[in-house]
Structure formats: structure tokens, C-alpha cells
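Notes follow the structure.
The values are calculated or read from the model by the stated rules, or taken from the named source; none is laboratory data. What you see is a predicted model; the values in this text were computed from it and never measured. Glycine gets a Cβ as well: all are built from the backbone with ideal geometry, and neighbour counts include every protein chain shown.
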Amino acid sequence: YNFTDCDFEKIKQKYQKTIYNDLKEYMNGAKSTQFNSTVSCNNKSDCLAEIERLTFSAPRGCAPLAREAFALRTRATFALQCPGYSRTQTNNTQAAKKTKEREITTKKCLEQVSQLLGLWGRFCRTLWKR
Amino acid sequence: GTGEALQVHIICFNFETVRVTWNVSEPSGENLTFFYTFDSGEAYGQCTHYILRRGLTAGCILDFQDQVLHFSIRNATHALFTHSQWASFYLKPGAPRNLSFQWQQEKVAVTCPGLAHGGLLYEVQLRSNFDAAWQSKEEETCNVHIEGLDAEKCYCLRARVKTTEAAYGPDSYPGDWSEVSCWYGGLPSDLCPDVPISPGFPRFILICS
């Protein structure tokens, strides 16, 4: 999906208001900067593409993140603010219900979420008001 | 980063330069070298602007890029410290420049050229000569309006830029304060006449007749 036509300002506001807190809660006190950053992005749509890839792809050694609160909100935000995004998601969305008890939060998961915090941070920095 | 023996300190000055410093390795007195890249796909290059302390390399100053900074500090045989992190995560914004103040009866608008980066907060602090503490207001742009002022009072103001954790992570720094500027009746004043205020000090009013 090409994120160039999204409402970036609305996505940024949603991130700052809710998604960021979800990510911090997932980190459960672990500092995002204790992990090396291995993923980067250059501009708004590039950042959103990387954020989507990392949010919804399950790295080895980490329970699928797609069912976490931040992932559910990210998907809902993209569906709302990015024209046509929902259509691209209909075939590969499993029934994503939030699990009550989070499965194991391995170091691998924390590392992946710390990459997301880096990417979202970069996305926010690209949006400034003159 | 890996290789914790070396204490490394990183600070990114106002999106202009990044300064990485380390504790000089005594007594071995080894000259350490600094290699870095902002593009994980490219080979590391060596620092071109070292900081020296007692004749030994103690840091490197490099131009800022809003990218992940990958670096490694090495001695003659191996890497002592390697790290990869967004350079912006160590940001310390500069003090706001070219502040302008527009006064209108009981309000003031403080503006300045904003920085070309999002996720920042512009904080203005104001204090009259009757106040013991600063009063703060912040906005996402450098256009801060403060109302409810007393045209008869003298006010001093200062401003700074702050980072938000959502955009700059937990290790960034607030910027330095601008110089304090004072105003009386909407006109610049060198300073505000001191009216000693010590909160909690009882005030007695003596009435003679």
C-alpha cells in the first residue's frame, strides 16, 4: 500500500494521543534507547510503510504483535486516514481480537517495539508547522 | 550500545552537529578512533573532526542527519563500543533566536522563527516584578500568546524549545533559555524594579492619623 495520500497530521495526532502510550505500556518500563536502532526511514510515507511492516509482521521469537493494542489502533488509524487502505487489508487480516493474557513478551518483541518508537518519532519530526 | 567499559556521551546540538565524547582511556593512554555512518548500507568512515583531551582523542564532532547514527569506537585491535540510535534522540535544541514581542493592553504575543522539525514545544515564561515564580505557557509553534496581564506592571520574559518524548525519545534535553527581556507598559526596559516579595512574609499596614 502506498501511504502518500494519507492525512499525516491526523495520524500524528492519533499517535501522540494514544498509540505512543500503548507502545510505552508494551515496553513496560524498558527504555527504547537501550536497544540499538536497526531500522530507519526518510519521509512521511516511507516511515508509515516501515511502521506497517514492523507492526504487522511477526519476527522470529516474538508472538504476533498484530493483536496488541498499539497494532489495533495503528490499523484503525490507517484505515481511517489513508484512502483505500482498508481494501488492501481485507484478505490478510485474521480475526485480530486482543488477547487477554499477553503471550510471552520476549526481548525480541521489546526490540521490535523499540524500532517502532524510533520510526514513529521520525514520522513526527517530519511534520512541523511553519 | 555494546562494550559498556567505555562511558560514552552523545548530544545533538540544534539539529546542526552531533558530539560523541568518551572517557579518555588512562593509564593505557591509547588513542581511540571513531568510525560511523548514517546509512546502514554503507561502510563506516572515520571521524574527520576529533576532540582531543591531554593529547588523546576524547570525542568526535559530526554533521547532523535525522537518521540512525551507527558508530564504533576502536582501539588498535578491536571495537570497544558500538551503538546505533537516532541522532535526534540526543537532541538539545538551541535557544530561540529573533524573539519578537507584540503587546496589546493585557496580552502579549511572543513569536520567533520555528525550527524545521516537528515534535517540539515552544515554552515562554513570564514573571512580573510582583511574582516570585515564573508562569509558563507552551505551544507547538513559536507563536505563544499570554493573556490576563496588568498594563501597569513590569514583566520579564524568556523562551526555550523543548522536545516531546513521543518524537525524540526519553534521552533528549530541553533547550537553553533565551536571554531574559523586560517590558514596562509595552516598552522594553532594562530590568523590572524589584518589589521584594517573600512569600509567607506577613505584611503590616501602618495607618497614622
Qualifying residue in segment B:119-130 (condition: hydrophobic (A, V, I, L, M, F, W, C), within 14 Å of another protein chain (Cβ to nearest Cβ) and either under 30 Å from A:K31 (Cα atoms) or out of contact with any strand residue (DSSP E or B) (no Cβ under 9 Å at 6 or more places or on another chain) (or both)): yes
Check segment B:162-173 and report whether any residue there is farther than 30 Å from A:L117 by Cβ and in contact with a strand residue (DSSP E or B) (Cβ under 8 Å, 6 or more places away or on another chain). no
Going by the conditions given, is B:F71 among the aromatic types (F, W, Y), crowded, with 20+ Cβ neighbours inside 10 Å and touching a Pro at 6+ places or on another chain (Cβ under 9 Å)? no
Evaluation of A:Y26 against (1) under 10 Å from the mean Cα position of the chain (by Cα); (2) buried (at least 20 other Cβ atoms within 10 Å of the Cβ); (3) over 19 Å from B:V68 (Cα atoms) (one fails), failing number: (1)
Give me the pairs, please: first residue somewhere in segment B:164-184 and more than 14 Å from every other protein chain (Cβ to nearest Cβ), second residue anywhere and among the small types (G, A, S) and surrounded by 20 or more Cβ atoms within 10 Å (Cβ to Cβ), beta-carbon distance under 7 Å, and either six or more positions apart or on two chains. B:S178/B:A159
Restricting to segment A:54-94, give me the number of residues that are within 15 Å of A:V113 (Cβ to Cβ), modelled with pLDDT of 95 or more and part of a loop (DSSP other than H, G, I, E, B). 0
Would you please name the residue that is farthest from B:P174 (Cα to Cα), looking only at residues in segment B:119-162 that are acidic (D, E) and part of a strand (DSSP E or B)? B:E139
Yes or no: B:F130 surrounded by fewer than 20 Cβ atoms within 10 Å (Cβ to Cβ) and touching an Asp or Glu at 6+ places or on another chain (Cβ under 7 Å)? no
